[in-house]
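One structure is given below, encoded as structure tokens.
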Amino acid sequence: MAELPKALAFDVFGTVVDWRTSIARESAVFLPQVGLAERDPAAFADAWRAQYIAAMIGMRTSGRPFAPLDVLHREMLETTLREWGAQPDAIDDALLADWTRAWHRLDPWPDAVAGLTRLRTRFPIVTLSNGNVALLLAMARRGGLPWDAILGAEVSGFYKPDPRAYLRTAELLAVAPGELCLVAAHHGDLAGARACGLLAAFVARPDEYGGAPAPDAHHQQAWEWSASSLTDLADQLGC
């Protein structure tokens, strides 16, 4: 068994919170207001989220200055609406802004608060997310997520899986990379962390994509820990 870490850093979207159910719930309210009342809110959530990987690649390859995820989520929303036959330029800006803030209102997975609370009794727990601080703060307050520190992507100025995102988190916590463990439901994220020397704990979230296969399953490795929930991970780490 791997030596225990000195701190835990958490991916948030999909690992700690259920983005798909939450965004579908929010989109069910907004779609009728933009002439898309007959469309499936869950499919819209999937389509909006599908823009995410392209946005991350674009940030790494385009030379564009760092932009917070709130800005990218708004751009992704407008792109998705165009693909679905709506015209964002004809939609009230306040409505689009509120719809974008749906990502601030994501619900935790049922085990998340209890699991984090237990893990926090033994380890510092922080976010290592591509979300921006304002988004993560709003989500934490709404969902009762007991973080010791909220570290958004602004902390490093880079998005995962850029190595600087992982290494800057370890630096801020004054631990060596090998003393920090990333907890995530995504094999690609964990692979990026491991390449930087971090420990890795996988938490299975089979419903993240509504039961569809995860797009990064090909990155799967034998991680230091593999758990069915955050409470299961707490059991494994002696919390």
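Key figures
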| item | result |
| --- | --- |
| Qualifying residue in region 95-111 (condition: modelled with pLDDT under 95, among the small types (Gly, Ala, Ser) and part of a helix (DSSP H, G or I)) | no |
| Near pairs, Cβ below 6 angstrom, 6+ apart or cross-chain, from region 148-160 (under 15 Å from Ala134 (Cα atoms)) to any residue that is among the small types (Gly, Ala, Ser) | Gly152/Gly131 |
| Helices (runs of 4 or more DSSP H) fully within region 122-239 counting 2 or more residues that are over 27 Å from Arg101 (Cβ atoms) and of a type in the set (D, E, K, R) | 163-172, 230-236 |
| Considering residues of region 43-71 that are open to solvent by 30 Å² or more (accessible area, probe 1.4 Å) and hydrophobic (A, V, I, L, M, F, W, C) only, the residue farthest from Gly210 (Cα to Cα) | Phe66 |
| Answer from Phe30, Phe13 - the residue that is surrounded by 16 or more Cβ atoms within 10 Å (Cβ to Cβ), closer than 30 Å to Glu224 by Cβ, modelled with pLDDT of 95 or more and among the aromatic types (Phe, Trp, Tyr) | Phe13 |
| Val16 touching a residue at least 12 places away in the same chain (Cβ under 8 Å), closer than 23 Å to Ala193 by Cβ, of a type outside the set (Phe, Trp, Tyr) and out of contact with any Asp or Glu (no Cβ under 9 Å at 6 or more places or on another chain) | yes |
| Pairs where the first residue, in region 79-104, is under 14 Å from Gly35 (Cα atoms) and the second is β-branched (Val, Ile, Thr), C-beta under 6 Å, 6+ apart | Ala86/Val34; Ile91/Val34 |
| Residues satisfying the stated conditions in region 177-208, i.e. touching a Pro at 6+ places or on another chain (Cβ under 8 Å) and closer than 30 Å to Arg25 by Cα | Gly188, Asp189 |
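The values are calculated or read from the model by the stated rules, or taken from the named source; none is laboratory data. Note that the coordinates shown come from a computational prediction; the quantities given were computed from them, not determined experimentally. Note that each Cβ is placed from the backbone with ideal geometry, even for glycine, and that neighbours are counted across all protein chains shown. Quick note on the areas: whole protein, heavy atoms, side chains included, nothing else; ligands and nucleic acids left out. Shrake-Rupley method; radii C 1.70, N 1.55, O 1.52, S 1.80 Å.
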